[in-house]
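Asks: Can you keep this structure in mind? I'll have questions shortly.
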Amino acid sequence: MRWEWGPAQYDEGVSLLDRITTDPAICHGKPVVRGLRYPVDSLLELLASGMTIDDVLADYPDLEREDLLAALEFGARAASQRTLPLGA
């Protein structure tokens with residue numbers, strides 16, 4: 001399955017969401033990068049922990065810079081779809 005949201009905030013040529021896929025047979029259907037077993041949420045957690053894109057790429061050489069940018073775009077668009085309680 002390819003991820004698509006309503007009207008893009010970005011130019012069509014800029015979106016990297018075509019790199020994000022889901023398949024019930026891969027990672028229990030969680031969104032992953034290019035059908036590889038790298039869940040988007042795990043990549044976002046690595047970046048949120050302070051790792052740079054270059055750090056992640058060094059640790060996972062089968063990933064590409066555009067994969068991580070796609071994960072960031074996916075996270076940004078997912079966050080804009082609903083409000084999450086962040087505590088008092």
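The values are calculated or read from the model by the stated rules, or taken from the named source; none is laboratory data. Treat the numbers as computed from the prediction; the structure is a model and nothing was measured. Heads up, the Cβs are rebuilt from the backbone with ideal geometry, glycines too, and the neighbour counts pull from every protein chain shown.
Asks: Out of the residues in the stretch 30-55 meeting the condition of being more than 8 Å from the chain's Cα centre (by Cα) and of a type in the set (A, V, I, L, M), tell me which one is surrounded by the fewest Cβ atoms within 10 Å (Cβ to Cβ).
Replies: Only one residue tops the list, namely Ala48.
Asks: Return yes when Glu4 is out of contact with any strand residue (DSSP E or B) (no Cβ under 6 Å at 6 or more places or on another chain), at pLDDT below 90 and not small (Gly, Ala, Ser) and no when it is not. Quick ask: steps written out before the conclusion?
Replies: On the way: out of contact with any strand residue (DSSP E or B) (no Cβ under 6 Å at 6 or more places or on another chain): yes; at pLDDT below 90: yes; not small (Gly, Ala, Ser): yes.
Yes, satisfied.
Asks: Kindly indicate whether Arg19 is surrounded by 10 or more Cβ atoms within 10 Å (Cβ to Cβ), at pLDDT 95 or above and in contact with an Asp or Glu (Cβ under 7 Å, 6 or more places away or on another chain).
Replies: Values: surrounded by 10 or more Cβ atoms within 10 Å (Cβ to Cβ): yes; at pLDDT 95 or above: yes; in contact with an Asp or Glu (Cβ under 7 Å, 6 or more places away or on another chain): yes.
In short, yes.
Asks: Go through (1) of a type in the set (A, V, I, L, M, F, W, C); (2) loosely packed, with under 12 Cβ neighbours inside 10 Å; (3) not in a helix (DSSP H, G or I) one by one and return the number of the condition Ala58 breaks.
Replies: Against the list (1) of a type in the set (A, V, I, L, M, F, W, C); (2) loosely packed, with under 12 Cβ neighbours inside 10 Å; (3) not in a helix (DSSP H, G or I), Ala58 comes up short only on (3).
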